[in-house]
Amino acid sequence: MKYWSLLLLLCPLLAPAAPQLVEQVEAAEDGLVIPYRMYRLDNGLTVLLNADKSDPLVHVEMTYHVGSAREEPGQTGFAHFFEHMMFQGSKHVGDQEHFRLVNEAGGTMNGTTNQDRTNYFETVPANHLEKMLWLEADRMGFLLEAVSQRKFEIQRDTVKNERGQRIDNQLRRGGRAHGRAALSA
């Protein structure tokens, strides 16, 4: 079954135990229910699989339960800052390589942060699925080994600039501030 090999790619250091099927939802006759299978890995990772063969594309999305709601007043923007840092390479993927690999595959990618979560996603031709899973697994497991002071400063300045554009400008115009908070000085 192809699902098993895909799940194991997410975390190659797993013990040989098979992922545990937690929930399975079948499509409804009226088409209002999206079918999926939910698995739990030994490391606690939850994997949702939805097979849709209508297009030769795959969408890989990693969602972390980390958002601005868990930040302390006066010390905000860390979830958004780490969203940016996760695009700065990892131990096995150099600076800008994640972007290059997705673009060369003919795909698109992005990440977002809100109060409850941070997510990263790629949509690529289906034959690049294993590469996307590997990129996400490497980012998840080996980010810290690639963090440098230079990358830290660049992304801190970028997040502060975004705050100036999205929040501070709205406040100056008398509007309500929406969007992400930015890293406090």
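Any read-out appearing in this document is the output of simple, stated calculations on the displayed coordinates, not a laboratory observation. The shown structure was predicted, so the numbers you read here are calculated from the model rather than taken from an experiment. Heads up, the Cβs are rebuilt from the backbone with ideal geometry, glycines too, and the neighbour counts pull from every protein chain shown.
How much of the pair distance distribution for the range 62-137 lies past 17 Å, counting alpha-carbon pairs only, in percent?
48
With unit charges on the beta carbons (Lys and Arg positive, Asp and Glu negative) and the dipole taken about the Cα centre of the range 37-127, which residue among 68, 90, 43 sits farthest to the positive side?
43
Tell me, 85, 140 in order of fewest to most beta-carbon neighbours within 10 Å?
The fewest-first ordering by Cβ neighbours comes to 140, 85.
Please arrange 124, 66 by counting, for each residue, the other beta carbons lying within 10 Å of its beta carbon, fewest first.
Taking fewest neighbouring Cβ atoms as first place, the list is 66, 124.
Multiply the residue gap between residue 151 and residue 27 by 0.36 nm, knock off their C-alpha separation, and tell me the result in nm, one decimal place.
Once the chain is fully extended between residue 151 and residue 27, it gains 40.1 nm.
How about the range 9-91: which GluC sites (Glu not before Pro) there are in a DSSP loop, with at most 15 other Cβ atoms within 10 Å of their Cβ?
The qualifying sites are 26, 29.
Provide the per-residue ³J(HN,Hα) series for the range 138-148, in order, calculated from phi with Karplus coefficients 6.51, -1.76, 1.60 and θ = phi - 60°, each as a whole number of Hz, with x at glycine and proline positions.
Karplus values, whole Hz, x for Gly and Pro: 5, 5, 5, x, 9, 5, 4, 5, 10, 6, 10.
Once phi is turned into ³J(HN,Hα) by the Karplus curve 6.51 cos²θ - 1.76 cosθ + 1.60 with θ = phi - 60°, what whole-Hz value does each residue of the range 154-159 show in order, with x for glycine and proline?
4, 6, 4, 5, 5, 5
What net charge is computed for the residues neighbouring residue 33, neighbours being all others with C-beta under 14 Å from the C-beta of residue 33, Lys and Arg scored +1, Asp and Glu -1?
-4
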